[in-house]
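Notes follow once the structure below has been shown.
The values are calculated or read from the model by the stated rules, or taken from the named source; none is laboratory data. None of these values were measured; they are calculated from a predicted model. Cβ: placed from backbone, ideal geometry, glycine included. Neighbour counts: every protein chain shown. With ligands, DNA and RNA removed, areas are computed over all heavy atoms of the protein, side chains included. Shrake-Rupley method; radii C 1.70, N 1.55, O 1.52, S 1.80 Å.
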Amino acid sequence: MGRAEIDEAPQPQTHASLVTIAEAFEIPAPVATIEPYGRGLINDTFRVAADGMCYVLQRINGAVFPEPLRIMSNIEALDRQARLHPDLGFRVPALIATRAGDAGLRTPDGSVWRLMTLIEDAVGLPRIEHPEQAREVGRLLGRFHTLLQSLPAEAMGVTLPGFHDTPAYLARFLSALERVEGARNDPQIETCVRFAIDRQALAMRLADARDRGEIPLRVTHGDPKLDNILFDRNSGRALALIDLDTLQPGLILHDIGDCLRSCCNRSGESANGHTGVAFDLAIAEPILGAYAAQTRDWLSAEEIALIPEAIRLMPFELGLRFLTDHLEGDRYFKVAEPGENLRKAGIQFALVEDIEVKAEDISVMVSRCFRTTVKWICRQAEP
Ligand code: GN1
Ligand code: MG
């Protein structure tokens, strides 16, 4: 999971130390308020107010991102690209330099902090309620990918090595399973383990297509879940994709699959119980239809053909990651209570199951959106 060891654990922050950190950046002092912000599972995020303006202050998780400063240069490259194409109306949060002129601040415990502007009048949505919101999501992701296609994938540095390397996540899961004695005696773990093992073959599908050169590496967001999409408070238009830490070369199919994974399960990633978990086709179709309208000119036939596969893969991958983290003692994803990662793995796997049941409908939907014929490649779970 890209977790590198760091020498010193990051220190918990007092209010006073947060103020000192925020005031090290080029913003009007004094800072009026600082409070925790958002629901990110990796970085620590705060909303800072100073002189009537609002900012987002983040401590980048150094155990996850080996080179935090690379993230900042990728965001700057995206910002330059967005300025070259104002017609796409894509908003990028502006990075604010430190008073010393650096893109980030390194504190003595080794943490790297950055400060960005908060996009004004923008709100997140807890879930998608209307097809119009779904179309906005698809349009935004399509515009984002179109904007980035003029950049060679190599123009972006790798910020998180191994991210969305599903075969590597599978290998890590299998090795954690071997190490943790007695894990499979827990019936909840055993149900998830069986589910994952039965679908091992799925982990290779996109990686194999990439290795055979059938689908290209492109610049991707990496984490286009609903929480990372901002909508205009008044007009409801989707304005920006935030959380740009995993902006890096990757497969566009991972972005498409992840966006649908998150938006189409309207009960969310941490619902209580699995009963409400479902892949909502009435949300998926407007997302993908609007996405296709932006991208069908350049997306390859091979990529389009693998979209149903990507839709099944992303909840499988995230479920594997949650399950592995549970086995490894909750070291990667933040949890509020023990057992949360296991519960969340079960939810992602329930979503995979619903996607499998709807396989035929999903292929038909992808075909309609891209005006082509796409066949579901593998309906059944494979040994
Ligand atoms: C993590 O930190 P956050 O919440 O933006 C994770 C994503 C997962 C997501 C699930 C770097 O994102 O891959 O899909 O949780 N990010 C990283 O909510 O691992
Ligand atoms: Mg993220």
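Here each label is just a point 7 Å from Cα along the line to Cβ, and for VAL180 and ALA168 those points are 2.1 nm apart. Counting only lysines at least 8 places from LYS334 when in the same chain, those with an alpha carbon closer than 25 Å to its own are LYS225, LYS344.
Each peptide in 343-349, 106-112, 29-35 receives the mean, over its residues, of other Cβ atoms within 10 Å, and ordering these scores from highest gives 343-349, 106-112, 29-35. Taking other residues whose beta carbon is less than 12 angstrom from the beta carbon of GLU132, and scoring Lys, Arg as +1 and Asp, Glu as -1, yields +1. Based on Cα contacts under 8 Å between residues 6+ apart, the range 131-370 shows a relative contact order of 28 percent. What the chain shows is 43 Å² of accessible area per residue, with the surface traced by a 1.4 Å probe over protein heavy atoms.
Working value for the chain: equivalent-ellipsoid semi-axes of 33, 26, 19 Å, each the square root of 5 times a Cα gyration tensor eigenvalue, largest first. Share of carbon and sulfur in the accessible area of the range 3-120 stands at 54%, probe radius 1.4 Å. Highest mean packing comes first when the peptides 92-100, 310-318, 66-74, 282-290 are listed by Cβ atoms within 10 Å, giving 310-318, 282-290, 66-74, 92-100.
When nucleic acids and ligands are ignored and a 1.4 Å probe is applied, TRP298 ends up with an accessible area of around 60 Å².
Per residue of the chain, what 222 nm ellipticity follows from adding -39500 (n - 2.57) for every DSSP H run with n ≥ 4, rounded to the nearest 500? Walk me through the numbers before you get to the answer.
On the way: 12 runs with 162 residues, N = 383.
Value at 222 nm, helices only: -13500 deg cm²/dmol.
Largest accessible area first, the listed residues THR275, THR372 line up as THR275, THR372 when surface is computed with a 1.4 Å probe on the assembled protein chains.
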